[in-house]
Amino acid sequence: MSATNQPNTRPTGPLWLLAELTYRCPLHCVFCYNPVDYKTNTHELSTAEWKETMKQARALGAVQLGFSGGEPLLREDLEELVAYGHELGYYTNLITSGIGLKPARLDALKAAGLDHIQVSFQDATQAANDALSDTKTFAKKLEIATAVKAAGWPMVLNVVLHRLNLDHIDSIIELAVKLGVEYLELANTQYYGWAFKNKAALIPTHEQLKHAEARVAAWREKLGNSMKLLFVVPDYFEKNPKPCMSGWGNVFLSISPDGTALPCQAARMLPGFEFPNVKTSTVEHIWYESDGFTRYRGDAWMKDPCRTCPDKAKDYGGCRCQAYLITGDATQADPVCHKSPAHEKVIAFVDAAQRRDNPDDYLKVQKPEQQALANTAEVPVVWYRSDHNSLHLSKQGS
Ligand code: SF4
Ligand code: SF4
């Protein structure tokens, strides 16, 4: 596949199909990447519609199939969809909080041919895990992680890192060691969705990041090959953007619960698009013809500084959603880039984070009514992802 698809060259098909089966979720994570107004969109594709989408994407060449959400275990047809994905020849991956994953369901998923499970924890202790998800789920997660391991899957643990848990890096890695994890993904928060809303509470300090990086390096040395540790520095602390989604419409096809097809999960909030839907368009049309997938493919759409930049084939101008969220214009260079005229805004977010008080204060104001007060009283606040907050924020047009 060419790194930059030229306008007149037919690109290759998608490699990755991400099936966001539902936005429903029993957890309320403060960094959730789902849209902040997810509750205004509750329609979900039927089993038959998901199967048809999987079939069409596979015919275009997709080989990886991720089931995510929300919480994909809330779909009763998950096992049927996994079995169908397996039959089509996909490598299948379940991305789950683990809540609802009983031993019988694990057996059924194994029988369906599921290749890979990724379970997430919010932190290494009950108090912190439960505070960050506004649920009492830590004990259940421990049970589930143990059961996944016992069922013979390679154990993949995902922990989203931010200001409120970065200082617990040692206990998070110790938990992974205790669980016998083979792969620990320490995913620094990407600031979209609820995380962008909560960025004042979640952006870490330089010292926190430096300390965490050093601890990860020390653990890597100690653990050797027994556990792989993935730790990527968050975008806002970089000078060059990441090659977002390996390029717009280049390898990644995400389908939202209602069938809306997106080049990345966050793209739904970009204005001026009518993203296509698998209920009314074929996947082939969506991938090759739709405005939603072709507008930012390749580099013909770029303005300066990207247009004349030698790095454009490496990073594709960075992330369109980040450009829009920070500058209001999705065609700008990703403001994470030091050449972007808006880079100072990213620096300002990070600088402001250095000056904030005790991070724990943010978790003291939790409930919707307190949050409403906090917005006027200048009390630190986190917005928990919840149905109530989603409707409230959608009314504000956030
Ligand atoms: S980030 Fe948390 S709230 Fe959002 S879908 Fe995942 S488990 Fe649910
Ligand atoms: S100017 Fe554009 S292409 Fe060049 S490094 Fe920055 S974001 Fe990437």
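Every number in this text was worked out from the coordinates using simple rules, so none of it is lab data. Predicted, not measured: the structure shown is a model, and the values here were computed from it. Cβ atoms come from the backbone with ideal geometry, glycine included; neighbour counts cover every protein chain shown.
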Relative contact order (%) - the chain, alpha-carbon pairs under 8 angstrom, separation at least six: 20 percent
Theoretical ellipticity at 222 nm over the chain - DSSP helices of four or more residues, -39500 (n - 2.57) apiece, nearest 500: -10500 deg cm²/dmol
Net charge contributed by nearby residues that have their C-beta within less than 15 Å of residue 345 (K/R +1, D/E -1): -3
Those aspartates and glutamates that a straight Cα-Cα span of less than 12 Å connects to residue 312, excepting residues fewer than 8 apart in one chain: 299, 304, 334
Reach of residue 55 by Cα under 25 Å, taken over lysines that are not fewer than 8 positions away in the same chain: 110, 279
Cβ-defined net charge surrounding residue 70, 13 Å radius [Lys, Arg +1; Asp, Glu -1]: -1
Span from the the stretch 198-244 Cα centroid across to the the stretch 284-325 one, whole angstrom: 27 Å
The stretch 28-105: relative contact order in percent, alpha carbon pairs under 8 Å with at least 6 residues between: 33 percent
Across 239/314; 102/140; 199/314; 141/178; 178/228; 345/395, pairs whose alpha-carbon gap is larger than 18 Å: 199/314; 345/395
Cut-off under 5 Å, modelled amide H: who pairs with residue 25 long-range: 71
Environment charge at residue 121 (Cβ cut-off 13 Å; Lys +1, Arg +1, Asp -1, Glu -1): -2
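Filter the GluC sites (Glu not before Pro) in the stretch 2-108 down to the DSSP loop ones having no more than 14 other Cβ atoms within 10 Å, then list what survives.
In loop regions of the stretch 2-108 (DSSP not H, G, I, E or B), the sparsely surrounded GluC sites (Glu not before Pro) are 76.
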Cα centroid of the stretch 87-107 to Cα centroid of the stretch 109-151, whole Å: 12 Å
